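The values are calculated or read from the model by the stated rules, or taken from the named source; none is laboratory data. No experiment lies behind these values; they were computed from the predicted model shown. Quick reminder, even Gly has a Cβ in these numbers, built from the backbone with ideal geometry, and neighbours come from all protein chains shown. The protein model used for the area step is the full one, side chains on, heavy atoms only, and it has no ligands, DNA or RNA in it. Shrake-Rupley method; radii C 1.70, N 1.55, O 1.52, S 1.80 Å.
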Amino acid sequence: MKRMNNSVIALALFAGFANMHAQEKKMLTLDEAVQLGIRNSKSLKIDAANIEGATADLLEAKNRQLPELTVSGSYLYLPLKPNINLKLPGVSGEGGPEVHQVAYGSANISVPIYSGGRIKYGIESAKYLVEASRLSTENDKISIAYNVAQAYNNLFKANQSIKVLEENLSASQKRDETFLKLENNGLIARNDRLKANLQTLNIELQLLEARNNYNIANINMDLLLGLPEATEIEVDQNYIEEAEEVKAVDFYLNTARENRKDLQALEKQRQAAALGTKSAKAENLPSIAFTGGYVAADIPKFLTIYNAVNVGVGISYNLSNLWKENSSLRQSQAREMQLSANNELLNDNIKLDVNREYQNTDYSKKRIAVFEKSAEQANENYRITKNKYDNGLATMTELLDADAAQIAANVGVINAKADASLAYRKLLQTTGTLTIK
């Protein structure tokens, strides 16, 4: 039996060491975590593809203002003798040479001169859409920065709860040892010692829950940052002191109007839609282009043509525009109306978001003072209750209740500070000024 116990202990130690080596620890500040989250964000990779697509549309729009040059050539073999009847004066119309092959080629160039502004409007509209895509990406970066901060905050709170609970568990276990000695010496009742043991078990349960929450928060952080899931992230608690003095709400409302990337992106889309309307109107106008060409042909024993160069001006106009309604124009105008309504809705949402997060930030700061006062009172209450208990003036139940209240109050202070820091970052996100270092 002794050998088996030794084997089990050795196996447990080996597994513990293996787990320690398998799980890599990584110390990250909040700013480092944000940078890593942005660098490995899958949604930003989608945004990058959208920017590439918008840039390609811009290139296509610019290409429309460049000359169109086409070259074509053909060689034909004629297995049967064609009937050739020439109608030229002084030339016999019947008979003629035998023709079995034909070769010809041509080159044509067209340079747009006037298109009613469609080309110009298309280029300007595409530029606005590229800029809108880039602004949307910047807005997504700010959202990712906050999401990482939120996950980092959850990890910090879980870690701090573990530390506090471990300290209290250690103290509770030492108290159990003391009470056991007192019971053995007949100085306290067995029931009082069992109450103390129950309190220790409750702390152990709280610690198990806190560690479970920490593991979940850590996996969430690993996924957000693109790290292996076995990576244990160590947080830097200095971030909870970063919150600055909160200014008046009007300051944040004005800041949001100037800096919100989604609002700026929507404005670019509206400008692009306005140009789209102009381009749709231009469809009812004619197009004028400079044209030029070159033709060469060779029919052995019959006809040879070289240096047949032509230049001129071409004009085109779709006469069906006279009786067909311009559907592109109506679609573009509807798009403008939709974006205008979206702009009004977004402005209302910004006002609501800023005011809500301003109130939450103010509330979070006030909670810190309340929790600190509560913790101060809980600690003092435990000290007094402990002295009373040592002198036989308080019951075991009162001592354990005071201990539980002390634990809750101390954890509450830590969580309140972390939540206040996160609330301030949320306020900055709603104004579009959350710093990404």
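Considering every residue within the stretch 360-375, establish whether at least one is closer than 28 Å to Leu182 by Cα, without any contact (Cβ under 8 Å) to a residue 12 or more places away in the chain and open to solvent by 60 Å² or more (accessible area, probe 1.4 Å).
Within the stretch 360-375 (the criterion being closer than 28 Å to Leu182 by Cα, without any contact (Cβ under 8 Å) to a residue 12 or more places away in the chain and open to solvent by 60 Å² or more (accessible area, probe 1.4 Å)), the answer is no, since none of the residues qualifies.
Only one of (1) within 30 Å of Gly276 (Cβ to Cβ); (2) of a type outside the set (Ser, Thr, Tyr); (3) in a loop (DSSP other than H, G, I, E, B) fails for Leu187. Which number is that?
Condition (1) is where Leu187 drops out.
Is it the case, given these coordinates, that Leu285 is more than 27 Å from Asn349 (Cα to Cα), touching a Gly at 6+ places or on another chain (Cβ under 7 Å) and either at pLDDT 90 or above or of a type outside the set (S, T, N, Q) (or both)?
So Leu285 passes the test.
Determine whether Phe371 is aromatic (Phe, Trp, Tyr) and assigned to a helix (DSSP H, G or I).
So Phe371 fits the description; yes.
Quick check: is even one residue across the stretch 333-349 of a type in the set (Lys, Arg), surrounded by 15 or more Cβ atoms within 10 Å (Cβ to Cβ) and either assigned to a helix (DSSP H, G or I) or out of contact with any Pro (no Cβ under 7 Å at 6 or more places or on another chain) (or both)?
yes
Kindly indicate whether any position in the stretch 383-405 is open to solvent by less than 60 Å² (accessible area, probe 1.4 Å), without any contact (Cβ under 8 Å) to a residue 12 or more places away in the chain and under 30 Å from Leu187 (Cβ atoms).
yes
Testing Glu325 on (1) out of contact with any Leu (no Cβ under 6 Å at 6 or more places or on another chain); (2) in a helix (DSSP H, G or I); (3) of a type outside the set (A, V, I, L, M, F, W, C), one condition comes back false. Which one is that?
Going through (1) out of contact with any Leu (no Cβ under 6 Å at 6 or more places or on another chain); (2) in a helix (DSSP H, G or I); (3) of a type outside the set (A, V, I, L, M, F, W, C) one by one, Glu325 breaks only (2).
Show the residue pairs meeting these rules: Cβ distance below 7 Å; 6+ apart or different chains; first residue within the stretch 326-337 and in contact (Cβ under 8 Å) with a residue 12 or more places away in the chain; second residue open to solvent by 100 Å² or more (accessible area, probe 1.4 Å).
Leu329/Lys281
Tell me yes or no: at least one residue of the stretch 112-119 is hydrophobic (A, V, I, L, M, F, W, C), open to solvent by 20 Å² or more (accessible area, probe 1.4 Å) and closer than 30 Å to Ala61 by Cβ.
Looking for residues that are hydrophobic (A, V, I, L, M, F, W, C), open to solvent by 20 Å² or more (accessible area, probe 1.4 Å) and closer than 30 Å to Ala61 by Cβ, one finds at least one in the stretch 112-119, hence yes.
Please state which one of Val164, Val148, Val99, Val130 is more than 30 Å from Ile233 (Cβ to Cβ), open to solvent by less than 40 Å² (accessible area, probe 1.4 Å) and out of contact with any Phe, Trp or Tyr (no Cβ under 9 Å at 6 or more places or on another chain).
Val130
Looking only at the stretch 250-273, which residues are acidic (Asp, Glu) and within 12 Å of Leu135 (Cβ to Cβ)?
Within the stretch 250-273, Asp262, Glu267 meet the criteria.
When the residues of the stretch 259-294 are narrowed to those that are open to solvent by 60 Å² or more (accessible area, probe 1.4 Å) and in a strand (DSSP E or B), which ends up farthest from His100 (Cα to Cα)?
Taking the candidates together, the pick is Phe290.
Could you run through the stretch 217-237 and say how many residues are open to solvent by 30 Å² or more (accessible area, probe 1.4 Å) and without any contact (Cβ under 8 Å) to a residue 12 or more places away in the chain?
Here the count works out to 3.
Given the options Ala273, Ala217, name the one that is within 26 Å of the chain's Cα centre (by Cα), among the hydrophobic types (A, V, I, L, M, F, W, C) and under 30 Å from Ser320 (Cβ atoms).
Ala273 is the lone residue from the list that is within 26 Å of the chain's Cα centre (by Cα), among the hydrophobic types (A, V, I, L, M, F, W, C) and under 30 Å from Ser320 (Cβ atoms).
May I ask you to verify whether Pro79 is at pLDDT below 90 and exposed (fewer than 10 other Cβ atoms within 10 Å of the Cβ)?
When the stated conditions are applied, Pro79 passes them.
For Lys141, are the conditions met, namely being within 16 Å of Lys278 (Cα to Cα), open to solvent by 50 Å² or more (accessible area, probe 1.4 Å) and at pLDDT 90 or above?
Judged against the criteria, Lys141 is not a match.
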